[in-house]
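Step one of this worksheet: look at the structure below.
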Amino acid sequence: MKSFIRGFIALSALVIFSLQTFAGSADDVKQNIIKQAKSMGVEPAIVLSIAKTESGFNQNARSVSGHIGVFQLSHHTAKHMGLDPYKLEDNIKGGITYYKNMYERFGSMELAVAAFNAGPESVKRHNNTVPKHSQNFVSRIMADYKYYKGIGI
């Protein structure tokens, strides 16, 4: 029994290591986000901040509500964009695209971030202000944004 448990633990560690390696390190994910953001005309510091808060740059992150990956995309949002949220490149593209769409719709980083978190209809229902339930999320994102801008990203 002990050898079975040791074998199971070793196999579990190998699977976890393989998944982390397959998804890329946090530094690889950050570089991918920066590259895609620049190519899409989005400020890298803001989308890095969103990814940090959403998943800690972990493509294997899953929420209890079923959101997936670095940008915690829903199946519905990813499908609507023709993307696979389980693929790192697609997840990053989808997250940046969604943020960009929200920025174009609301015209400010804070409202775009609030819409990213709570949905655009929630922001609209709150007369284009940050809903109370998103204020902490927006504050964390904006603090990280200032940090990333301060280090030249």
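The values are calculated or read from the model by the stated rules, or taken from the named source; none is laboratory data. Since we're looking at a predicted model, the values are computed, not measured. Here the Cβ positions follow ideal geometry from the backbone for every residue, glycine too, while neighbour counts run over all protein chains shown.
Given (1) over 20 Å from S25 (Cα atoms); (2) among the hydroxyl-bearing types (S, T, Y); (3) crowded, with 19+ Cβ neighbours inside 10 Å, identify the lone condition not met by S39.
(3)
Just checking, how many residues over segment 113-142 are free of Cβ contacts under 8 Å to residues at least 60 places away in the same chain and either polar (S, T, N, Q) or under 18 Å from V42 (Cα atoms) (or both)?
12
Output the helices (runs of 4 or more DSSP H) that fall wholly within segment 15-113 and possess 3 or more residues being within 15 Å of D144 (Cβ to Cβ), or say none.
In segment 15-113, 26-39, 44-55 are the helices (runs of 4 or more DSSP H) which contain 3 or more residues that are within 15 Å of D144 (Cβ to Cβ).
Does segment 62-73 include one or more residues that are touching a strand residue (DSSP E or B) at 6+ places or on another chain (Cβ under 7 Å), modelled with pLDDT of 95 or more, over 22 Å from M142 (Cβ atoms) and surrounded by fewer than 17 Cβ atoms within 10 Å (Cβ to Cβ)?
yes
Which ones in segment 130-152 are surrounded by 14 or more Cβ atoms within 10 Å (Cβ to Cβ) and not in a helix (DSSP H, G or I)?
Of everything in segment 130-152, those that are surrounded by 14 or more Cβ atoms within 10 Å (Cβ to Cβ) and not in a helix (DSSP H, G or I) turn out to be V130, P131.
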